[in-house]
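Structure, as structure tokens:
What follows draws every value from the coordinates through simple rules; no lab data is involved. Everything numeric here is computed off the predicted structure, so don't read it as measured data. Positions of Cβ are backbone-derived with ideal geometry, glycine not excepted, and every protein chain shown enters the neighbour counts.
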Amino acid sequence: MNSAIIDPSDYTRTLNLAELFPTSAPLEIDVGCGKGRFLAARAKRLPEFNFLGIDRLLARLRRVDKKIWRDALSNVRLLRLEAAYTIAYLLPAASVSMFHVFFPDPWPKRRHHRRRLFTETFPSDLHRVLRPGGQINVATDHADYFAHIHSLLASDTRYTEIEPFAPCPEERTDFEVLFLNKGDPVSRCSFKKRT
Ligand SMILES: C[S@@+](CC[C@H](N)C(=O)[O-])C[C@H]1O[C@@H](n2cnc3c(N)ncnc32)[C@H](O)[C@@H]1O
């Protein structure tokens, strides 16, 4: 294999994770992984976990792919696809240990809110694929979108709020580094699947 970017033969069938990764391990998903600063650093530090990075922009995934190959990381796969579709239809039930949703596009205009990743149904889609005790980590610089995401998850009795995931400096995402350098505030929250 000369690329971590996967190309499922059938985009309507559940992914076979055992075929995707060389070893069976807890799976973390970086939703909208962008240029992959976080994904590559975390996968390198945690070789006993598997990682799937999802992004709809191929150019960004190609940049992540280079990092993955430079560091010979066999525990990472990349998927170029709409993340909401992937989570709702392609991931097996109870297969994911952790979702990282860092700096999702905020679509600030009200008429564009329907394009946001976090819709009313997204918590249910996440719940289906999370293992019991599985975790969702969110970070964003956009205060309104953060309030919306937090309220969706906090009002869902299938989740319990936990201490926000705090990345070590080398695992800050590309966007997080930009915002921190500008001095912009970043909001974070984490939730755990109860049942
Ligand atoms: C603002 S960037 C953040 C990237 C990265 N998480 C970071 O913090 O540096 C959002 C990324 O999510 C991707 N993205 C946005 N909506 C998406 C969707 N619905 N499905 C897949 N990727 C998406 C974009 O292409 C972009 O790379």
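With a simple spin-label model that places each label point 7 Å from the Cα along the Cα-to-Cβ direction, the separation between residue 3 and residue 131 comes to 3.0 nm.
Computed from the Cβ-Cβ distance with R0 of 25 Å, the FRET efficiency linking residue 88 to residue 158 stands at 0.95.
Under the combined filter of DSSP loop state and at most 10 neighbouring Cβ atoms within 10 Å, the stretch 55-145 retains these trypsin sites (Lys or Arg not before Pro): 109. If you model the chain as an ellipsoid using its alpha carbon gyration tensor, with each semi-axis the square root of five times an eigenvalue, the axes come out at 24, 20, 16 Å, biggest first.
Put a dot 7 Å past the Cα of residue 97, heading toward its Cβ, do the same for residue 177, and the two dots end up 2.6 nm apart. Using a simple spin-label model with pseudo-atoms 7 Å out from Cα toward Cβ, residue 11 and residue 46 lie 2.9 nm apart. Split the chain at each of the GluC sites (Glu not before Pro) in a DSSP loop with at most 10 other beta carbon atoms within 10 Å, and the longest piece is 121-195.
If you wrap the stretch 47-109's Cα atoms in a convex hull and average its projection over all directions, what's the area in nm²? Each step should come with its number before you reach the end.
Values: hull surface 21.8 nm².
The directionally averaged projection comes out at 5.4 nm².
Looking at the stretch 1-74, the chymotrypsin sites (Phe, Trp or Tyr not before Pro) that sit in a DSSP loop and have at most 14 other Cβ atoms within 10 Å of their own Cβ are 11. Couplings for the stretch 80-85, taken from phi via the Karplus curve 6.51 cos²θ - 1.76 cosθ + 1.60 with θ = phi - 60°, read 8, 6, 4, 5, 4, 5 Hz in order; Gly and Pro are left as x.
Centre-to-centre, using Cα atoms only, the stretch 1-80 and the stretch 106-160 are separated by 22 Å.
Cross-link partners of residue 44 among lysines, defined as those whose alpha carbon lies under 16 angstrom from its own and excluding same-chain residues fewer than eight positions apart: 35, 66, 67.
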